Amino acid sequence: MATSTILGSVADLVTQIGNKLSKTLDTDVLIVDNNFNIVGEINRYFVQHSEVLMESMVGQVIITQKSMVIPDKNEYEICRKCAEFKECQTSGFIGVP
C-alpha cells in the first residue's frame, strides 16, 4: 500500500487547483506526490497515465526536484527510449516540483 503524503491528504483541493490550471492553460494536468502516486489528474484531451515511473518525465522532475520544460518529446532521450513512444499522445511537457 502507498504511503500517504501531505499532498495526498488534500486530494480534493489538489483536484480543484488542477482543474483551474487545466482550464487556464488549456491542457491536461497530472499532479503526483513524492511517492509517485497520482493525486490529481485532469484530462481535457486524453488519459495520461495509470502509473508514474522514475524513468518518465514526471519521475525525473520528482527525483531531481528541478523544473523541466520539454517543447518536443522527440528531442528528449528518456521519451525516445520509452517502449510506448510511438503511441504516446504527449507532444510537450512542463513539470514543476
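The values are calculated or read from the model by the stated rules, or taken from the named source; none is laboratory data. Fair warning: this is a prediction, and the values are worked out from it, not measured in the lab. Don't worry about glycine lacking a Cβ; one is built from the backbone with ideal geometry, like all the others, and counts go over all protein chains shown. Areas reflect the complete protein model, heavy atoms only, side chains present, ligands, DNA and RNA absent. Shrake-Rupley method; radii C 1.70, N 1.55, O 1.52, S 1.80 Å.
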_Can you pull out every residue in the range 72-97 that is in a helix (DSSP H, G or I) and either open to solvent by 50 Å² or more (accessible area, probe 1.4 Å) or closer than 24 Å to LEU13 by Cβ (or both)?_
ASN74, GLU75, GLU77, ILE78, ARG80, LYS81
_What's the number of the only condition in (1) part of a helix (DSSP H, G or I); (2) out of contact with any strand residue (DSSP E or B) (no Cβ under 9 Å at 6 or more places or on another chain); (3) open to solvent by less than 100 Å² (accessible area, probe 1.4 Å) that GLN60 fails to meet?_
(2)
*If MET54 satisfies every condition in (1) closer than 16 Å to ASP28 by Cβ; (2) hydrophobic (A, V, I, L, M, F, W, C); (3) open to solvent by 100 Å² or more (accessible area, probe 1.4 Å); (4) part of a loop (DSSP other than H, G, I, E, B) but one, which is the exception?*
(1)
*Return the only residue of ASP72, ASP26, ASP33 being in contact with a Lys or Arg (Cβ under 9 Å, 6 or more places away or on another chain) and among the acidic types (Asp, Glu).*
ASP26
*Among the residues listed as VAL69, VAL47, the single one being under 18 Å from ASN19 (Cα atoms) and loosely packed, with under 11 Cβ neighbours inside 10 Å*: VAL47
*Going through the range 36-51 one residue at a time, which ones are of a type outside the set (S, T, N, Q), within 12 Å of the chain's Cα centre (by Cα) and within 20 Å of THR24 (Cα to Cα)?*
VAL39, GLY40, GLU41, ILE42, VAL47
_Candidates LEU25, LEU30 - the one that is of a type outside the set (D, E, K, R), under 15 Å from the mean Cα position of the chain (by Cα) and surrounded by fewer than 14 Cβ atoms within 10 Å (Cβ to Cβ)_ = LEU25
_Can you tell me how many residues within the range 1-38 are over 23 Å from CYS79 (Cβ atoms) and either of a type in the set (Gly, Ala, Ser) or assigned to a strand (DSSP E or B) (or both)?_
5
*Hey, can you tell me all the residues within the range 1-22 that are open to solvent by less than 90 Å² (accessible area, probe 1.4 Å) and among the polar types (S, T, N, Q)?*
THR5, SER9, THR15, ASN19, SER22
_Selection count where residues are acidic (Asp, Glu) and in contact with a helix residue (DSSP H, G or I) (Cβ under 9 Å, 6 or more places away or on another chain), scope the range 1-31_ = 1
